[in-house]
Each structure stands twice: as C-alpha cells, then as structure tokens.
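Report on the structure given below.
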Amino acid sequence: MTLKSHSELNEVGNKGTHERHVVSLEPSDSAFLRGRVKDQLFVDHLLMTDVMTLDQHANGERILQVAVSASVYLTSPKFTEAVGGGGKANTSIYSSGLMRWHREEKRIRTKWGEEGVVIIHDHIVLDVWTDNDLKIEFLIRILT
C-alpha cells in the first residue's frame, strides 16, 4: 500500500472487518483516504470472485433498490440529502415503491416460481450468504 505524501490514512472499521471483507483505500473529499468495503453484500462477493457478471450484479442491486423503496428492506437514514422541496409528489398508487416491488416480485414468480422469489428475497433483500452451488447458480440465472 502506497500513500500519497499529501494524504493521510483515516482508518475505517476494525480488525474483524478487514479480516472478513475486501477493503480498498480511495480518495475522499478531505485530505484523508477513506476505506471502502468492496464485498459488503453477498452479490458484491459473487462479483468480486468472478462468479457473477457486472450486468447480473447491477440487476441484483436494482432489485435491492426496488425493495428499499418499498420499505421491504430498510436502510439507515441519509442525513446528507435535502429535505423538502416545492415539487408536487406523485401520489399515484401505481408509482409507489410497494407497487413497483409487487410488479418485480410477480415478474420473478411468473418466470421462476415461488422458489425464485425465495432465492431473491433471501440472497438479495436479506443478504443471506450461502456456499450452496445450486442456490448460487439459480440466483445467477434469475439475475441474467
């Protein structure tokens, strides 16, 4: 690891984090380098180990974002985003996050059955890690 002379290292995480995950250093807005966990999610791990393609990973992240917008999977609040605004919110039930999640889940169920929905829910939404090759192969087929 080589640090630039004008940059300082701002250590992120603990020893356990560095032992379990791939952590890389990258520039930040300040003079410090920041550590970023590259394989935080199961799909990130599959991408980093070349089990999954970039397109499959992107599809998995898209499904996760749909789940987050439907409050199926809650994330921590983002304190850096602006609050308020003068625009009129779209209150149509058909554009709500929950309806988008319903359509996504229905599409998966139609093509892959209930087992496909369970695989997506477990390994994308809940981020359950597995070493079961059959489940991983099925997940990859769904994300293709």
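The numbers here are math on the coordinates, done by the rules we state, and not lab data. Since we're looking at a predicted model, the values are computed, not measured. Cβ placement follows ideal geometry from the backbone for every residue including glycine, while neighbour counts extend to all protein chains displayed.
Across segment 57-63, rounded Karplus estimates of 3J(HN,Hα) from the backbone phi angles (6.51 cos²θ - 1.76 cosθ + 1.60, θ = phi - 60°) give 4, 4, 5, x, 5, 4, 4 Hz, Gly and Pro being marked x. Once the Cα-Cα distance is subtracted from the 0.36 nm per residue extended length, the residue 141 to residue 50 segment shows a gain of 31.3 nm.
Rounded to whole numbers, the Karplus 3J(HN,Hα) couplings from phi for segment 103-113 are 5, 5, 5, 5, 4, 5, 5, 5, 7, 10, x Hz, using 6.51 cos²θ - 1.76 cosθ + 1.60 with θ = phi - 60°, and x at Gly and Pro.
Kindly rank 128-134, 63-69 from highest to lowest mean number of other beta carbons found within 10 Å of each residue.
Per-residue Cβ counts within 10 Å, averaged per peptide and sorted highest first, yield 63-69, 128-134.
Residues whose amide H comes within less than 5 Å of that of residue 52, counting only those at least five positions distant or on another chain, are 47 (H built at 1.01 Å from N in the peptide plane).
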